[in-house]
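Reading through the structure tokens given below for one structure.
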């Protein structure tokens, strides 16, 4: 399922695909998501602690888990 801007959740991408998004800013054309989450992106999260610029697009459950991880809870 695809969500906001026709994107899958960031966790729907494999580690290699996440790396491409974070470092290159794009996925290879026609790439199929190979991650664990099958939901569409619902929110964009960007924090001052992010090592790379730009938001992560996540589904709501993954966004809550990511924010809890950042908060150390």
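Of all residues in the range 53-62, those satisfying the criterion of being surrounded by 11 or more Cβ atoms within 10 Å (Cβ to Cβ) and under 20 Å from residue 20 (Cα atoms) are 54, 55, 56, 57, 58, 59, 62.
The set of residues from the range 34-49 being in a loop (DSSP other than H, G, I, E, B), closer than 19 Å to residue 64 by Cβ and under 13 Å from the mean Cα position of the chain (by Cα) comprises 35, 36, 37, 38, 39, 41, 42, 46. All of (1) touching a strand residue (DSSP E or B) at 6+ places or on another chain (Cβ under 8 Å); (2) assigned to a loop (DSSP other than H, G, I, E, B); (3) at pLDDT below 90 hold for residue 5 with one exception: (2).
Residues in the range 23-53 that are in contact with a strand residue (DSSP E or B) (Cβ under 9 Å, 6 or more places away or on another chain) and under 18 Å from residue 4 (Cα atoms): 33, 35, 37, 38, 39, 40, 41, 42, 43, 44, 45, 46.
Give me the residue from the range 50-73 that is touching a helix residue (DSSP H, G or I) at 6+ places or on another chain (Cβ under 7 Å) and not in a helix (DSSP H, G or I) and, out of that set, farthest from residue 12 (Cα to Cα). First the steps, then the outcome.
So the first thing to find is which residues in the range 50-73 are touching a helix residue (DSSP H, G or I) at 6+ places or on another chain (Cβ under 7 Å), and the list is 52, 56-58, 62.
Subsequent filtering for residues that are not in a helix (DSSP H, G or I) retains 52, 56-58.
Working: 52: 19, 56: 12, 57: 10, 58: 9 Å.
Filtering first and then ranking leaves 52.
Restricting to the range 1-43, count the residues that are loosely packed, with under 11 Cβ neighbours inside 10 Å and either touching a residue at least 40 places away in the same chain (Cβ under 8 Å) or on the phi > 0 side of the Ramachandran plot (or both). Residues that pass the stated criteria total 4.
Yes or no, residue by residue, for (1) modelled with pLDDT of 90 or more; (2) in a loop (DSSP other than H, G, I, E, B):
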| residue | (1), (2) |
| --- | --- |
| 16 | yes, no |
| 19 | yes, no |
| 25 | no, yes |
| 32 | yes, yes |
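The values are calculated or read from the model by the stated rules, or taken from the named source; none is laboratory data. Since the model is a prediction, treat every value here as computed from it, not as a measurement. Ideal geometry is used to build each Cβ from the backbone, glycine not excepted, and the neighbour counts take in all protein chains shown.
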